[in-house]
Amino acid sequence: MNEESLTQAESTDCELLSFRVGEQEYSVDIMSVREIRGWTRPTPLPHSADYVCGVINLRGTVLPIIDLSRRLAIKVEEASERNVIIVAHIRQQTVGLLVDAVSDILAIPESEMHPPPETASDNERSFVKALTIVDGRMLRILDLESVLPDQKQDAA
């Protein structure tokens, strides 16, 4: 019975939503995702971080939109109707993540997730919590906690 429990624990799958930002593929834990929306032009806010596009009205709630291409320092074209907004819940806050396209929902065994190599710079490494290979392609698993700025640092 212990051996069976161990085998089940080892084969635990993590469900991920994969998406594209520029030519790169990323994913997030699907449990953080609330919905996927089509493009809505955000209203800019003065003095916001450069990666915050602005806010949109989501059924009466003001939703900040984070441009993942800017946040991850990926060069892409300006946002347009082809973009998608992933509504996610991060640190007791709901935000929109602007991406180029949503690709797939994947079930990946935790045993196939690997930590990013030590060769990455501290800033890049803080955004990626794991790497996995899907159909011969390297997929980055984002640490959504690090996508939002630390609220304590912003207040300082």
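Here are the numbers for the structure shown:
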item: Computed label-point distance, nm, for sites Ser126 and Glu23 using a 7 Å Cα→Cβ extension; result: 2.8
item: Where a label projected 7 Å from the Cα of Glu15 along Cα→Cβ would reach, residues of the stretch 76-111 with amide N under 17 Å; result: 87-89, 103-110
item: Förster radius 30 Å - calculated FRET efficiency between Ala49 and Glu81, Cβ distance, rounded to 0.05; result: 0.80
item: Chymotrypsin sites (Phe, Trp or Tyr not before Pro) lying in DSSP loop within the stretch 9-113, provided at most 16 other Cβ fall within 10 Å; result: Trp39
item: Reference-scaled alpha-carbon Rg (2.2 N^0.38 Å with N residues) for the stretch 49-97; result: 1.15
item: Label-to-label distance, nm, for residues given as Arg37 and Ala101 (7 Å Cα→Cβ offset); result: 2.3
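Rule-based calculations on the coordinates, nothing more; no lab input. Because the structure is a prediction, the values reported are computed rather than measured. Note: ideal-geometry Cβ built from the backbone for every residue, glycine included; neighbour counts use all protein chains shown.
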